[in-house]
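To start, the structure itself, in structure tokens.
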Amino acid sequence: MKPQKSYTVEQAKRALERYCVYQDRCHKEIVSKLYDYKMIPQTHDIIIVHLIEHNFLDEERFAKSFARGKFRIKKWGKSRIIRELKLKDISAYNINTALKEIDEIEYIDTFNKLALKRFEAIKETNKQKKRKKLADYLLYRGWESNLVYAKINELID
């Protein structure tokens with residue numbers, strides 16, 4: 001195990017600037033990193049204010065890019081995106097703003113393609129088990145239950 005490096009305030013600022021430039025971050029991730037760096041709590045506010053003032057840290061920008069990325073790349077539904085953003089202590093206002101980044105037509109289209117692809121991949125012959133497997137998959141990914149059950153009823157009669 002290698003010993004923990006101790007950081008000065010300036011070194012921590014520079015390290016966290018690089019951390020934020022690589023990818024948008026939320027406040028919770030920065031605070032976690034500050035604890036990893038063994039920074040005393042009095043320095044946390046100084047460093048976070050510096051990052052916000054120099055536009056390295058922006059919760060709204062983080063929430064928007066998080067929502068877009070998880071929807072487009074991982075095919076998550078809005079429920080899962082909301083749940084994950086809440087776990088990162090993102091405000092309700094920023095969550096609602098982030099969800100506006102997802103186009104409604106693209107959302108429904110993605111849901112339909114994902115449901116159909118998964119439906120065709122499930123090799124179960126028992127209709128009830130097939131319904132459950134499809135529902136579990138789509139609900140886990142955060143798609144709304146009304147969409148999920150309507151689609152299941154459409155695909156499995």
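Observations on the structure shown:
- Among residues of the stretch 47-83, those that are in contact with a Lys or Arg (Cβ under 7 Å, 6 or more places away or on another chain), surrounded by fewer than 20 Cβ atoms within 10 Å (Cβ to Cβ) and free of Cβ contacts under 8 Å to residues at least 60 places away in the same chain, counted: 1
- Complete set of residues in the stretch 82-107 that are farther than 30 Å from Val31 by Cβ, in a helix (DSSP H, G or I) and under 19 Å from the mean Cα position of the chain (by Cα): Glu104, Glu106, Tyr107
- Hits in the stretch 11-46 (condition: surrounded by 11 or more Cβ atoms within 10 Å (Cβ to Cβ) and of a type in the set (A, V, I, L, M, F, W, C)): Ala12, Ala15, Leu16, Cys20, Cys26, Ile30, Val31, Leu34, Met39, Ile46
Residue by residue, here is whether (1) loosely packed, with under 14 Cβ neighbours inside 10 Å; (2) closer than 16 Å to Lys78 by Cβ; (3) modelled with pLDDT under 95 holds:
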position	(1), (2), (3)
Asp109	yes, yes, no
Lys113	yes, no, no
Lys117	yes, no, no
Glu120	yes, no, yes
Lys127	yes, no, yes
Trp143	no, yes, no
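- Enumeration of residues in the stretch 114-147 that are charged (D, E, K, R) and within 21 Å of the chain's Cα centre (by Cα): Asp136, Arg141, Glu144
The values are calculated or read from the model by the stated rules, or taken from the named source; none is laboratory data. Since we're looking at a predicted model, the values are computed, not measured. Heads up, the Cβs are rebuilt from the backbone with ideal geometry, glycines too, and the neighbour counts pull from every protein chain shown.
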